[in-house]
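Encoded as structure tokens, the structure appears first; notes follow it.
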Amino acid sequence: MSRAGTARRATVIAIVPLLVAASDPTGDVAGCGGSPGAGTAPDLVDARGEIVELGTSARWTLTFAEPLTVPDAFGRPFRVDIAIRDPDVPPLSFAYYRGVNRLVRVDATVAHETEIYLLPERGANVFNPPLIEGATMTIQIPGRTLSADEDLTGTSPGLEALRWTVIVRDGRACDLLGNGRPTERFGVGIDPVGEDEPAADARSGLSIWWFVAGMAVATLGITTYVLRRAR
């Protein structure tokens, strides 16, 4: 892509609004084929997808009705899938997945690594485990593992074009976000600033004050020197 095209893409990322998380009804866990009485799975109630780290990473924050237990020691470990559609790749439909071509998967095992599957290309990758705190699971992966990096620098993976949904499964029990189709958009997240690292605005403001103070000291020194010479 040309520099102009890359600039246009960067502009699009900058103006995407912060989106409200997608909510999901409480107590809607059912059989994966729609039949009742298929057992239990974690009950997803809220999901937010964000583009972070200056457009280079995707982060999902999933909230459940009850705290998660990982590893899941009862029966088969439950599974959380972020089902994604990249418009530049042919979509696939199978079982209860409709029109998807990427999966970001976490199984509630001891290691619970994050697995990335590129379905049409039959590619796979593994990334760090998600952060699990009580009823919240936060999954973050590099954008380049999901879509093509158009300028080969790792900084423009085109995440804003992707659409996603969430499918939570435990055996034959499922909880789908909405109708289970990848229609959710990414918002633009704000990267947290460490406690010992001041925000960029604070750093720049501090630098300006040091500059002003330095200029004042220099001016005072020059004025004193001139007055002494005049005497």
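Here are the numbers for the structure shown:
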quantity	calculated
Pairs, first part of a loop (DSSP other than H, G, I, E, B) in the stretch 131-143, second not aromatic (Phe, Trp, Tyr), C-beta under 8 Å, six or more apart	GLY134/PRO67; GLY134/LEU68; ALA135/THR63; ALA135/ALA65; ALA135/GLU66; ALA135/PRO67; ALA135/LEU68
Residues of the stretch 71-88 satisfying the condition of being in a loop (DSSP other than H, G, I, E, B) and buried (at least 21 other Cβ atoms within 10 Å of the Cβ)	PHE78, ASP86
Checking VAL16 against (1) under 14 Å from ALA173 (Cβ atoms); (2) modelled with pLDDT under 90, the condition it does not meet	(1)
Residues that are on the phi > 0 side of the Ramachandran plot and either modelled with pLDDT under 95 or among the aromatic types (Phe, Trp, Tyr) (or both), drawn from the stretch 88-109	ALA95
Hey, GLY99 surrounded by fewer than 17 Cβ atoms within 10 Å (Cβ to Cβ), under 18 Å from ARG185 (Cα atoms) and over 14 Å from the mean Cα position of the chain (by Cα) or not	yes
Enumeration of residues in the stretch 77-101 that are in contact with a strand residue (DSSP E or B) (Cβ under 7 Å, 6 or more places away or on another chain) and charged (D, E, K, R)	ARG79, ASP81, ARG85, ASP86
Of residues in the stretch 46-68 being in a loop (DSSP other than H, G, I, E, B) and modelled with pLDDT of 95 or more, the one surrounded by the fewest Cβ atoms within 10 Å (Cβ to Cβ)	GLU66
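The values are calculated or read from the model by the stated rules, or taken from the named source; none is laboratory data. These numbers come from a predicted model, not from an experiment. All Cβ positions, even for glycine, are placed from backbone atoms using ideal geometry, and neighbour counts span all protein chains on display.
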